[in-house]
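Structure first, then comments.
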Amino acid sequence: MEGLADALLRAALTSVGGIDGCVTEFVRVTDTLLPRAVWLRRVPELAHGGRTLAGVPVVVQLLGSDPQCLADNAARVAGLGAPGVDLNFGCPAPTVNRHRGGAALLDEPELLARIVAACRAALPPAVPLTAKMRLGIRDAARALDCARALADGGAAEITVHARTKLDGYRPPAHWDWIARIREAVAVNVIANGEVWSPADAARCLAVSGCRDLMLGRGLVTRPGLALNIRSQRAGHEPLPLPWPRLLALLDTFYAGVRAQLLPRHAPGRLKQWLSYLRNAYPEAQALFARVRTETDAARLGEALAAAHAHPVPLPP
């Protein structure tokens with residue numbers, strides 16, 4: 001999730017619990033071996049054993065179309081301590097696709113196989129290589145070919161976002177296609193797309209036949225979702241993360257944002273996350289309405305602090 005799932009948000013979400021591993025925003029690779037300083041800036045967890053502060057491993061995701069350049073950069077991040085490398089063949093963004101990245105390569109399964117094989121050969125055997133794909137560009141006609149190419153190239157796991165590039169993020173996600181892909185390859189397949197609740201997770205796993213899920217926007221909207229899914233699978237009632245706990249999480253997140261960004265940019269990052277949270281928390285909707293037009297970083301921080309002492313009124 002480019003521009004959203006940075007190290008600060010990864011730290012916040014993994015601190016809640018329930019998450020086995022996370023993946024960085026994609027790092028675009030073109031024709032350059034990126035220096036160590038760039039990798040440490042983009043993936044600061046590399047300076048801490050490749051894990052978030054909660055101890056959750058962070059896999060580094062690469063995006064590009066040049067097999068050798070991707071392989072060289074994969075080897076570099078492995079040398080910096082990345083616990084795994086992931087290849088992005090799922091991003092539907094037009095700017096990315098115009099430069100032969102992400103889902104734009106799904107009409108070229110032969111190229112996918114070359115990219116994966118080159119990266120696998122460049123990585124130490126102990127560093128897993130995984131890949132994420134969509135069902136295709138316009139349709140799913142080549143979905144099985146692409147999945148087989150990734151598996152044959154050496155991907156240890158494949159995450160499938162169950163929509164095409166053309167679908168974007170419009171519902172529904174076609175979980176039945178994940179089942180077809182799972183049957184076509186011998187590696188583990190992870191289901192992704194339209195999982196917003198424990199009930200969605202149960203349906204997705206039942207339809208896809210997968211044992212694992214990748215959560216994206218659903219986890220950003222409901223930070224307790226991974227814990228809720230685990231509770232439900234263990235036979236317990238899933239309980240949402242309480243608003244006071246989430247408010248404390250927002251405090252920590254915004255403190256980190258203010259420490260890293262210029263004051264003019266900090267408010268946007270907090271409001272970006274609130275815009276997701278308001279879809280699940282009426283308190284977040286009320287807080288978002290209060291700060292929506294605020295552009296001063298300090299005043300927004302004061303509004304966040306005031307929400308603890310004087311909870312925002314909920315809409316009728």
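For beta carbons closer than 9 Å, sequence separation of 6+ or different chains, a first residue in the stretch 190-204 that is without any contact (Cβ under 8 Å) to a residue 40 or more places away in the chain and of a type in the set (Ser, Thr, Tyr) and a second that is buried (at least 17 other Cβ atoms within 10 Å of the Cβ) and not in a loop (DSSP other than H, G, I, E, B), the qualifying pairs are Ser197/Gly218; Ser197/Leu225; Ser197/Asn228; Ser197/Ile229. Looking at Leu106, Leu40, which one is crowded, with 21+ Cβ neighbours inside 10 Å and either touching a residue at least 40 places away in the same chain (Cβ under 8 Å) or not in a helix (DSSP H, G or I) (or both)? Leu106 is the lone residue from the list that is crowded, with 21+ Cβ neighbours inside 10 Å and either touching a residue at least 40 places away in the same chain (Cβ under 8 Å) or not in a helix (DSSP H, G or I) (or both). (1) in a helix (DSSP H, G or I); (2) modelled with pLDDT under 95: which one isn't true of Ile229, the others all being true? Answer for Ile229: the failing condition is (2). Has the stretch 231-242 got at least one residue that is of a type outside the set (A, V, I, L, M, F, W, C), surrounded by fewer than 21 Cβ atoms within 10 Å (Cβ to Cβ) and closer than 26 Å to Ala309 by Cβ? Yes; the residues of the stretch 231-242 include at least one that is of a type outside the set (A, V, I, L, M, F, W, C), surrounded by fewer than 21 Cβ atoms within 10 Å (Cβ to Cβ) and closer than 26 Å to Ala309 by Cβ.
A single entry from Leu13, Leu53 fulfils the requirement of being within 28 Å of Leu241 (Cβ to Cβ), assigned by TED's automatic domain parsing to the domain that holds Leu129, in a helix (DSSP H, G or I) and in contact (Cβ under 8 Å) with a residue 24 or more places away in the chain: Leu13.
Flag: Val27 does not match the condition of being within 17 Å of the chain's Cα centre (by Cα) and surrounded by 21 or more Cβ atoms within 10 Å (Cβ to Cβ).
Please find, among Thr95, Thr52, the residue that is of a type in the set (Val, Ile, Thr) and buried (at least 19 other Cβ atoms within 10 Å of the Cβ).
Every option except Thr52 fails the conditions.
Evaluating Ala143 against the criteria (1) under 27 Å from Pro57 (Cα atoms); (2) touching a strand residue (DSSP E or B) at 6+ places or on another chain (Cβ under 9 Å); (3) surrounded by 22 or more Cβ atoms within 10 Å (Cβ to Cβ); (4) of a type outside the set (Lys, Arg) leaves one unmet condition, (1). Look at the stretch 124-143: where a residue is over 14 Å from Ala82 (Cβ atoms) and assigned to a strand (DSSP E or B) and a partner is of a type in the set (A, V, I, L, M, F, W, C) and modelled with pLDDT under 95, sitting 6+ places away or on another chain with Cβ atoms under 6 Å, you get Arg134/Ala103. Screening the candidates Pro83, Pro67, Pro35 for the property of being touching a Lys or Arg at 6+ places or on another chain (Cβ under 6 Å) and either β-branched (Val, Ile, Thr) or in the same structural domain as Leu135 (by TED's automatic domain parsing) (or both) yields one hit, Pro67. Would you mind telling me which numbered condition in (1) free of Cβ contacts under 8 Å to residues at least 40 places away in the same chain; (2) surrounded by fewer than 22 Cβ atoms within 10 Å (Cβ to Cβ) Leu63 fails? For Leu63, the exception is condition (2). Set side by side, the residues Cys210, Cys204 differ, and just one is part of a helix (DSSP H, G or I) and closer than 20 Å to Met133 by Cα, which is Cys204.
Among the residues making up the stretch 247-287, a single one is in contact with a Pro (Cβ under 7 Å, 6 or more places away or on another chain) and small (Gly, Ala, Ser): Ala286.
To keep it simple, each residue is scored yes or no on (1) within 30 Å of Ala306 (Cβ to Cβ); (2) crowded, with 19+ Cβ neighbours inside 10 Å.
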| position | (1), (2) |
| --- | --- |
| Ala149 | no, yes |
| Gly153 | no, yes |
| Glu194 | no, yes |
| Ala206 | no, no |
| Leu213 | no, yes |
| Pro223 | yes, yes |
| Leu246 | yes, yes |
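The values are calculated or read from the model by the stated rules, or taken from the named source; none is laboratory data. Owing to the predicted nature of the structure, the values given are computational and were not obtained by experimental measurement. All Cβ positions, even for glycine, are placed from backbone atoms using ideal geometry, and neighbour counts span all protein chains on display.
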